[in-house]
Every structure is written in structure tokens, then in C-alpha cells.
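**Student:** Before anything else, here's the structure in question.
The values are calculated or read from the model by the stated rules, or taken from the named source; none is laboratory data. All of these numbers come straight from a predicted model, not from anything done at the bench. Positions of Cβ are backbone-derived with ideal geometry, glycine not excepted, and every protein chain shown enters the neighbour counts.
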Amino acid sequence: MKFFIDTANLAQIQEAYDMGVLDGVTTNPSLMAKEGIKGKENQLKHYVDICNIVKSDVSAEVIATDFEGMLREGEELAALNEHIVIKLPCTADGIKAVKYFSEKGMKTNCTLVFSLGQALLAAKAGATYVSPFVGRLDDVSESGVGLIKEIVDVYNYYGFATQVLAASIRHTRHIIDCLKVGADVATCPLSAIKGLLNHPLTDNGLKKFLEDYQKIG
Ligand code: E4P
């Protein structure tokens, strides 16, 4: 399972990268707004800054909602750096744009996916990644992890190459549950990634080892 960090915060991206377990980054307009990255020029530069840290897949989302606009923005984003993955919403125009870019051999991430039917369209259009939103489904009493499992099973059954990128991960338990049902990628907040480290027996065990070493060191 690949680990992406779900943020536009450069310090957090650097911290996750320095841990040595980071495979990529996902961003979205809300995450860019959270960092206060104003204006198109600054936003494009910010994507390059992220790429320069991780040197692996960085999803950058188009703002346009029409096919032509998506193509224009997608081309512009992809030209920024070889690691940019064009992130497109799962709408009729978005699926058309996924198809267009996949035929050109460019990487795409089909986002805002909340159903198996949407995931089927993303895969048929040739998306590199499909992003079902786990936390947002849980928020409305549906099962986010249940959808991840359905998509993984169907993609495996039919041999689709699209990778299932579990998005909207809110906490460490989500990561474990997505891991168990076979998600290819989880994009997570830094806190959820660091949460995987936590175990009181590790802390207590280390404390005891160090105390005992004091007796002989
Ligand atoms: C990432 O690709 C998604 O845009 C993101 O995970 C959404 O997360 P949220 O539901 O916590 O906003």
C-alpha cells in the first residue's frame, strides 16, 4: 500500500517525506486555501515546491468544470513538473478529460467519487487513480471502507489497472481498515500517519530497555 499525504502544507510534507515512508501528495482547492496560497502564479509555484520535496506523484486539481477548461488547466498543471497527476472531478466532463489525458499517457486522479458506478466510469476512462472519499461517506452514515472494498473487488475481478486511492481519511483506524480491504493507496493527514506508530507497549518497552541499560552501561 502506498502512502500519500493529504495536505498542501510544505512543513508537513517535508516531515512525512523525512520519515522515509511517503509515496506522494494529494491536494485540493480547500487544502490550498487552508495554506492561504493566493493567486494562480503562487498556486502553480506551490505545486512545484511540493514536487521538489517529494519527487513522486503530486495530485493537482483543476478548477474548471467544463471539458475544454479542464484540458487547458490539466495541460498547464502537467507542464509544471513530471510528477504532477491531474486531478479531475467525477463528472461527465471530468470523465471525458480523464479519457483524453489517459490516451496521451498522462497521469490522472479521478476525485469526488462516492459510488461504485462512478469508480467504474473512472476505470473505463483509464484513470491512474480513483479517489473514493471514505470520511465523507462515514459522515452521512454510509460505509466509506465498504465502498473501498467494493471497488477493489470489482477492479480485481475485471482486471482494471486503475489504483484505488482511499481519500478523505480522517484517522489512523481508517488507514488500517483500508489496508485490510486492499486499497492501493491511502492519502492521509500527517496525524493519521504518525498515529500508526503509537503503542503503549512500545513506549513502556523502550523505557524499560533504557532503564536496564543504565544498570550496565
Ligand atoms: C484528497 O484527494 C481529497 O480531496 C481529500 O482527501 C478530501 O478530504 P476531506 O473529506 O477530509 O476534505
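**Student:** So, in segment 145-169, exactly how many residues are under 8 Å from Val134 (Cα atoms) and out of contact with any strand residue (DSSP E or B) (no Cβ under 9 Å at 6 or more places or on another chain)?
**Tutor:** 0
**Student:** Return yes or no: is Tyr155 of a type outside the set (Gly, Ala, Ser), touching a residue at least 12 places away in the same chain (Cβ under 8 Å), away from the ligand (no atom under 15 Å from the Cβ) and surrounded by 12 or more Cβ atoms within 10 Å (Cβ to Cβ)?
**Tutor:** Working: of a type outside the set (Gly, Ala, Ser): yes; touching a residue at least 12 places away in the same chain (Cβ under 8 Å): yes; away from the ligand (no atom under 15 Å from the Cβ): yes; surrounded by 12 or more Cβ atoms within 10 Å (Cβ to Cβ): yes.
Answer is yes for this residue.
**Student:** Moving on. Of the conditions (1) touching a residue at least 12 places away in the same chain (Cβ under 8 Å); (2) surrounded by fewer than 14 Cβ atoms within 10 Å (Cβ to Cβ); (3) within 11 Å of the ligand (Cβ to nearest atom), Thr26 satisfies every one except a single condition; which number is it?
**Tutor:** (2)
**Student:** Return the residue satisfying two criteria in turn: it lies in segment 1-22 and is touching a Ser or Thr at 6+ places or on another chain (Cβ under 6 Å) and in contact (Cβ under 8 Å) with a residue 60 or more places away in the chain, and of such residues it is farthest from the ligand (Cβ to nearest atom). Please lay out each step first, then the result.
**Tutor:** First, pick out the residues of segment 1-22 that are touching a Ser or Thr at 6+ places or on another chain (Cβ under 6 Å): 4, 6, 8.
After this cut, where a residue has to be in contact (Cβ under 8 Å) with a residue 60 or more places away in the chain as well, the list is 4, 6.
Numbers: Phe4: 8, Asp6: 5 Å.
It comes out as Phe4.
**Student:** Any chance you could count how many residues in segment 165-182 are near the ligand (Cβ under 9 Å from one of its atoms) and either modelled with pLDDT under 95 or in a helix (DSSP H, G or I) (or both)? Outline the logic, then answer.
**Tutor:** The initial filter retains those residues of segment 165-182 that are near the ligand (Cβ under 9 Å from one of its atoms), namely 165-170.
This time we only want the ones that are either modelled with pLDDT under 95 or in a helix (DSSP H, G or I) (or both), so: none.
Total satisfying the criteria: 0.
**Student:** Now for a different question. Only residues in segment 189-206 that are without any contact (Cβ under 8 Å) to a residue 24 or more places away in the chain count as the first member; pair them with residues that are assigned to a helix (DSSP H, G or I) and of a type in the set (A, V, I, L, M, F, W, C), Cβ under 7 angstrom, at least 6 apart or cross-chain, and list the lot.
**Tutor:** Listed pairs, sorted by first residue: Ala192/Ile175.
**Student:** Would you tally the residues in segment 53-80 being of a type outside the set (D, E, K, R) and either at positive phi or without any contact (Cβ under 8 Å) to a residue 24 or more places away in the chain (or both)? Show your work before the answer.
**Tutor:** Our first condition is that a residue be of a type outside the set (D, E, K, R); within segment 53-80, this holds for 53-54, 56, 58-60, 62-65, 67, 69-71, 74, 77-80.
Adding the requirement that they be either at positive phi or without any contact (Cβ under 8 Å) to a residue 24 or more places away in the chain (or both) leaves 64, 69, 79.
Counting residues in segment 53-80 that are of a type outside the set (D, E, K, R) and either at positive phi or without any contact (Cβ under 8 Å) to a residue 24 or more places away in the chain (or both) gives 3.
**Student:** Residues in segment 45-53: is at least one surrounded by 18 or more Cβ atoms within 10 Å (Cβ to Cβ), within 13 Å of the chain's Cα centre (by Cα) and modelled with pLDDT of 95 or more?
**Tutor:** no
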